[in-house]
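Worksheet: one structure, shown below.
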Amino acid sequence: MTKVHTDAFIDRADFVHFMASHRRQNSPHPLKFWKATGRPRYLLEVFSLLLAISILFLAYRYYFGSLADVFDEKLCAKPVTELCLLEQQVIDACRVSANCEALSQQKKDAAAAKQTDTPLVLVEVFYEVLCRDSKEFIIEQVFPAFQKVGGIVNMSLVPYGKATERQDGNEYVFTCQHGPNECKGNIIQTCAISLCEGKDRNLALSFVNCMMVSHDSAGAGPSCAKDVGVEWAPIETCSTSSAGNKLQHIMAQRTDSLKPKLNWVPWVVVNGVHTQDIQDQATNDLRKLICDTYKGPRSPGCDS
Ligand SMILES: *[C@@H]1O[C@H](CO)[C@@H](O)[C@H](O)[C@H]1NC(C)=O
């Protein structure tokens, strides 16, 4: 009995010892476990994560980058004239292909006019920046017509309207129908037109159109310059200098020498002639009036 008891006791002590050593072998202390196997496994996980991110990134680039089917806001914010010089993929993605086709048509028309020695249709528009009818006419008739048939027309904008002027020393002092802000806006457009003269009529027209679209037409200069891609600084400098003052005086003289005298804005003169009929046709469909007046080969822009 005693032996059995002793045996059982010894057996039990052995068992406890055995279990303790077994536990040590098979499930070591957590710190030992991390030390032994943790670091390689951790690195592997980080590596897998990086790999997954790279694959996702490449997939994103493939679908949205190389297929160029997504609207890249920053790129597409560039002026249309600049975008049109880039590859077709970009032009399509920014949805300016119609504008770019119009620009190239303008160039073809202008070249054809030169080659056939056909004078451009001279359209002079006398207007003022804060007048609602002027804004409407430029937005709905002048700018769209120019985009379509800009190659066969000499669009000449005269932002002065019903303003008056008086000389004060070497400067002219202008008084405008809608107040000093309108005078400021008029001179800004005069300067923009003058600075683009002989370079890019599209830029001047786009700039003027942008200002007219704005609710704050007289104050929209800086943002419109940025939008259409003209430098604002020279326009601003001109508009506050005596150079701008003199340019505006020329606009005043052109307006004051109209025959018949201007009694409405916008006032339209085609090839030097203003009649009520010309005015009505221009207000209804300026593009058609330009196309009907032009003597050279008909522009595709007249029918598209
Ligand atoms: C456009 O008309 C102006 C007169 O307003 C003239 O001085 C200029 O030479 C004309 N430009 C072209 C390209 O016909």
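FYI, it's all coordinate maths here, none of it is from the lab. Owing to the predicted nature of the structure, the values given are computational and were not obtained by experimental measurement. With ideal geometry, Cβ positions are generated from the backbone for all residues, glycine too; neighbour counts draw on all protein chains shown.
Structure values in brief
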item	result
Ranked by how many other beta carbons lie within 10 Å on average, peptides 229-235, 162-168 from highest	229-235, 162-168
Distance between region 240-304 and region 73-103 - C-alpha centres, whole angstrom	30 Å
Per-residue Cβ neighbour rank within 10 angstrom, fewest leading, TYR127, TYR160, TYR42	TYR42, TYR127, TYR160
Integer Hz, Karplus 6.51/-1.76/1.60 couplings in order for region 86-95, x for Gly and Pro	8, 6, 3, 4, 5, 4, 5, 4, 8, 6
Ranked by how many other beta carbons lie within 10 Å on average, peptides 86-92, 185-191 from highest	185-191, 86-92
Listed peptides 139-146, 240-247 by packing density, highest first (mean Cβ within 10 Å)	139-146, 240-247
Flagged links, alpha-carbon separation over 18 Å, of LYS135/LYS288; LYS135/LYS199; LYS108/LYS295; LYS135/LYS226; LYS162/LYS226; LYS148/LYS259	LYS135/LYS288; LYS135/LYS199; LYS135/LYS226; LYS162/LYS226; LYS148/LYS259
Extension reserve of the ASP92-ALA112 stretch, reckoned as 0.36 nm per residue once the Cα distance is removed	4.4 nm
Using a Förster distance of 25 Å, the FRET efficiency for THR175-THR237 (Cβ separation, nearest 0.05)	0.60
